[in-house]
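The block underneath contains the structure these notes are about, expressed in structure tokens.
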Amino acid sequence: MRGMVVAWVLLFFSFSFRGQNYPCALVHWFVPVGGEPDDETGMWVVRPEFEGNRRSLAVIHIDCIARGAHLLPVFGSSFLPEDFHFSDSLHAFRGYFVSRHADHHMYESLGSS
């Protein structure tokens with residue numbers, strides 16, 4: 001993914017230390033599935049990273065955030081429940097396509113392969 005990683009921002013916050021303000025984000029990391037984009041879609045596939053049964057979390061400086069990403073669920077063969085709410089999407093699926101077609105900048109960031 002050209003050296004980029006995907007994370008879900010759970011919280012934006014800042015703190016001051018010795019008179020310096022530090023704007024930060026608490027993130028849940030996603031890791032690539034495989035070493036290249038999916039053959040059928042041309043998109044990278046990522047999955048949530050866990051350490052044991054706990055989310056792999058980190059606090060990062062917001063300057064480390066390059067841009068937003070559009071994640072599309074990798075659907076299985078079964079149907080979603082009728083009462084499924086979109087806000088549960090990042091909890092409900094095992095993998096996600098990273099759409100490079102969200103806009104021109106994303107297409108350039110993730111390349112043409």
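The values are calculated or read from the model by the stated rules, or taken from the named source; none is laboratory data. All values derive from a computational prediction rather than experimental measurement. All accessible areas refer to the heavy atoms of the entire protein, side chains included, with ligands and DNA or RNA removed. Shrake-Rupley method; radii C 1.70, N 1.55, O 1.52, S 1.80 Å.
Give me the 1.4 Å probe accessible area per residue for the chain, excluding ligands and nucleic acids, in Å².
With all protein chains present, the chain gives 72 Å² per residue.
Would you work out what percent of the accessible area of the chain, with all protein chains in place, is carbon or sulfur (probe 1.4 Å)?
Looking at the chain in its full context, I get 53 percent from C and S.
Using only the Cα atoms of the range 45-105, build the gyration tensor, take square roots of its eigenvalues as a ≥ b ≥ c, and label the shape rounded, prolate or oblate: rounded if a/c is under 1.5, else prolate if a/b is larger than b/c, else oblate.
Cα axes put the range 45-105 in the oblate bin.
Can you tell me which of Gly42, Gly68, Gly19 moves the most in a GNM of the chain? Springs connect C-alpha atoms under 10 Å apart.
Of Gly42, Gly68, Gly19, the most mobile in the Gaussian network model is Gly19.
For the chain, what size does the Cα cloud have along each of its three principal axes, sorted from largest down, in whole Å?
Sorted largest first, the three principal extents are 54, 36, 27 Å.
Give me the percent relative contact order of the chain, please, defined on Cα pairs under 8 angstrom at least 6 residues apart. Before the final figure, lay out the partial values.
Values: 164 pairs, mean separation 27.0, N = 113.
Relative contact order here is 24 percent.
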